[in-house]
Amino acid sequence: MIAKKDIDSRTAIEHFVAAFYEKLMKDETIGIIFTTIVPIHLEKHLPVIADFWESILLDHPVYKNNAMSVHYPIHKKFPLTQQHFDTWLRHFNNTLDEMYEGPKTTLAKKRAKDIAALMLHKMNSSTI
């Protein structure tokens, strides 16, 4: 068995994000969010998401937005539930497991779990 590499570059993050979003767009639970509720243009969206994860995993502060503020309008149109975040996290972890392994991969999983929990909490406790 060939050992997988860890996430070690912007290119690795870009490959992961593209594979991850391909799964999200096809998912029956949350795909509608990306295709109908707030249709995203992947060519514009993926570099922003890659910036976010590059900032977190590689300590390159390239992400300049507020991730929470982007999601409040989505939640207002289409309430995000535990099931949505669980589905997002399942695809996130499964995609990582298919592609990478190592300390940065483990960090990505931990941060994604924390982010999902925080977002769910804030979305459902906010008066938006």
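We did not get these values from a lab; they are worked out from the coordinates using the rules stated. Keep in mind that this is a model prediction, so the values were computed, not measured. Note: ideal-geometry Cβ built from the backbone for every residue, glycine included; neighbour counts use all protein chains shown.
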Legend entry - Among (1) 14.5, 51; (2) 21.0, 75; (3) 14.3, 42, the entry derived from the coordinates for Rg and Dmax of the Cα atoms in Å: (1)
Inset, instruction - Please give the FRET efficiency for Thr106 paired with Asp27, using the beta carbon to beta carbon distance and R0 = 22 Å, rounded to the nearest 0.05. - result: 0.40
Inset, instruction - State to the nearest 20 debye the size of the charge dipole of the chain about its Cα centre, where the only charges are +1 on K and R beta carbons and -1 on D and E beta carbons. - result: 360 debye
Inset, instruction - Would you list which lysines come within 22 Å of Lys26, measuring only between C-alpha atoms, while excluding same-chain residues fewer than 8 positions from it? - result: Lys44, Lys77, Lys109, Lys113
Inset, instruction - Quote to one decimal, in nm, the extra length available between Leu58 and Lys113 on full extension: 0.36 nm per residue of separation minus the C-alpha distance between them. - result: 18.0 nm
Inset, instruction - Note down the nm distance, to one decimal, between modelled labels 7 Å out along Cα→Cβ at Asn94 and at Leu42. - result: 1.7 nm
Inset, instruction - Express in nm, to one decimal, how much length is gained between Ile2 and Lys122 on full extension, taking 0.36 nm for each residue of separation and deducting their alpha carbon distance. - result: 39.1 nm
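Rank the residues Ile2, Ile37, Ile30 as a footprinting-exposure proxy: fewest other Cβ atoms within 10 Å of their Cβ go first.
Arranged by neighbour count, lowest to highest, Ile2, Ile37, Ile30 become Ile2, Ile37, Ile30.
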Inset, instruction - May I ask for the net charge around Ala3, where only other residues with Cβ less than 15 Å from the Cβ of Ala3 are counted and Lys, Arg are +1 while Asp, Glu are -1? - result: -2
Legend entry - Neighbour net charge for Val70 - beta-carbon separation under 14 angstrom, K R +1, D E -1: +4
Legend entry - Neighbour net charge for Phe34 - beta-carbon separation under 14 angstrom, K R +1, D E -1: 0
Legend entry - Under Karplus coefficients 6.51, -1.76 and 1.60, residue-wise ³J(HN,Hα) of segment 40-48 in Hz, glycine/proline x: 9, 9, 4, 5, 9, 6, 4, x, 5
Inset, instruction - Place +1 on the Cβ of every Lys and Arg and -1 on the Cβ of every Asp and Glu in segment 10-125, take the dipole about the Cα centre, and give the residue among Thr106, Pro61, Leu46 whose Cα lies farthest towards its positive end. - result: Pro61
